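The values are calculated or read from the model by the stated rules, or taken from the named source; none is laboratory data. All values derive from a computational prediction rather than experimental measurement. Methodologically, a virtual Cβ is constructed for each residue, glycine included, from the backbone with ideal geometry; neighbour enumeration extends over all protein chains shown. Just so you know, the surface numbers come from the protein's heavy atoms only, side chains and all, with ligands and any DNA or RNA stripped out. Shrake-Rupley method; radii C 1.70, N 1.55, O 1.52, S 1.80 Å.
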Protein chains: 2
Amino acid sequence: MSDIRVLVVEDEPLLAEAHKAYTERVPGFVVVGVAHTARDAMAALRQRGGTDVDLVLLDFRLPDLHGLDVCRALRAAGSSVDVLAVTSARDLAVVRTAVSLGVTHYLLKPFTFAAFRDKLERYAEYRRQALADGEVAAQHEVDRMFATLRGATRHTLPKGLDEHTLHTVLAALGDGGLSATEVGQRTGISRVTARRYLEYLVSVDRAVRAPRYGTPGRPEMEYRPT
Amino acid sequence: MSDIRVLVVEDEPLLAEAHKAYTERVPGFVVVGVAHTARDAMAALRQRGGTDVDLVLLDFRLPDLHGLDVCRALRAAGSSVDVLAVTSARDLAVVRTAVSLGVTHYLLKPFTFAAFRDKLERYAEYRRQALADGEVAAQHEVDRMFATLRGATRHTLPKGLDEHTLHTVLAALGDGGLSATEVGQRTGISRVTARRYLEYLVSVDRAVRAPRYGTPGRPEMEYRPT
DNA sequence: ACGCTTGCGTTCATTCTGTTCACCCCTGCG
DNA sequence: CGCAGGGGTGAACAGAATGAACGCAAGCGT
């Protein structure tokens, strides 16, 4: 199976580099181009005849056109290249339209590498199933393809940590500025456990810690989500 | 929440009637039109201004144009109406293209009413989440929308589960707040079996689980029906 | 400096989870 | 009527997640 060829479309040069680096950290993917505007992106896709790019990492906020318009133009031109929306647009109307235009996934900026990799790996798996030139025999095969692409996110937590507790802690943390003890009080969880989860969040860059000075005694650690 | 308005596109008159009847058997859906050709379908959609139809049940094998071309024309015209592909085309290439054009689902003919209803109900649930004019706060909310639309299907009880036991467990659960052990005690079923059924209920969103904190030792899981 | 104060970070007992596997019951078949 | 097979159940077990206890770390005050 040859690599999946990706075109990165992102106007901010630093982010474009970051997305490129992220993509190439995922086995099976290779970046074949970077575009900074909608015009460049469409030119790159046209030039390549629509067969040399498998997946477009498309920022929706571009200087010249909106990403949704790029999608529409692609579809109108008969291209069936796959699109992964990478954007900070949180409007449900935009999500709806993106879905109707067939984006494979919709990744909110800023994102962690884990979230990014999850989307790419799902796409790779979908592609493995869909790329064959054969035919599907039964409904459940089609269902499985759709589910592979869009099914619930799998997230692997370290041992000793529980997913539900993690959500509870995250919710209690709110906008941050809380110590482990305070999070514990808010959730009914013990300080020890609250700390366990807060430290996990720090370890995966979903929170930061800072000491609280000014009072006697050892300073308290204050956690804040990122 | 008003009904979801459906346009049925199917050239075979008998099948068109059948699809219409099926659709109206699903609560929350209403058929607002039937078209027998691609031309008719596009005319109907244009006439209605693109805002009076929420979902198109689209046969791909039409006398004048292929369903895929209808999709492409819709997208090119800026319509973001949702499309449920209903077709006997089993080519993976067709499925791939359909996905890239944003079809919500792909239903192989011939199909059972159960399979059909599953697709419509998933779409309704997706719509409920996506229709608000608000904004999404986090990645997992978008993920849930995609998963609702495309997640794995489960219409029958998995092996190893018995319907009668399921009802017993559901009845014992009452308003919730019970652990697997407690449900077991109330029903005379073992904890293991009670848990088996409770977890099934969670997996199909008919119950939620939350840990009970405060005491030493691994927390108990508390189940609550939704 | 040096103690004082306060909470951090860790260890470990505790309790319940999740899984495995043997058993039992039912059904179909020779 | 005996036997094989499969689906559903529960006893036993390995280990997962929590919180109490405790020693030590880290600022503050004199």
Q: Please specify each residue of the stretch A:23-33 satisfying the condition of being touching a residue at least 12 places away in the same chain (Cβ under 8 Å) and open to solvent by 60 Å² or more (accessible area, probe 1.4 Å).
A: A:ARG25
Q) (1) farther than 22 Å from A:LEU55 by Cβ; (2) at pLDDT 80 or above; (3) within 9 Å of chain A (Cβ to nearest Cβ); (4) open to solvent by 30 Å² or more (accessible area, probe 1.4 Å): which one isn't true of B:GLU135, the others all being true? A) (2)
Q | Yes/no for A:ASP52 being open to solvent by 20 Å² or more (accessible area, probe 1.4 Å), acidic (Asp, Glu) and over 27 Å from A:ARG128 (Cβ atoms) | A | no
Q. Is there any pair linking a residue in the stretch B:61-79 that is within 25 Å of B:PRO13 (Cα to Cα) and in contact (Cβ under 8 Å) with a residue 40 or more places away in the chain to one that is open to solvent by 20 Å² or more (accessible area, probe 1.4 Å) and part of a helix (DSSP H, G or I), with Cβ under 8 Å and at least six apart or on different chains, and which?
A. B:VAL70/B:MET42
Q: Output the residue which, of all residues in the stretch B:178-226 that are loosely packed, with under 13 Cβ neighbours inside 10 Å, away from chain A (no Cβ under 14 Å) and more than 10 Å from DNA strand C (Cβ to nearest atom), is nearest to A:HIS167 (Cα to Cα).
A: B:THR226
Q. Residue check: is B:ARG122 modelled with pLDDT of 75 or more, more than 18 Å from the chain's Cα centre (by Cα) and not aromatic (Phe, Trp, Tyr)?
A. no
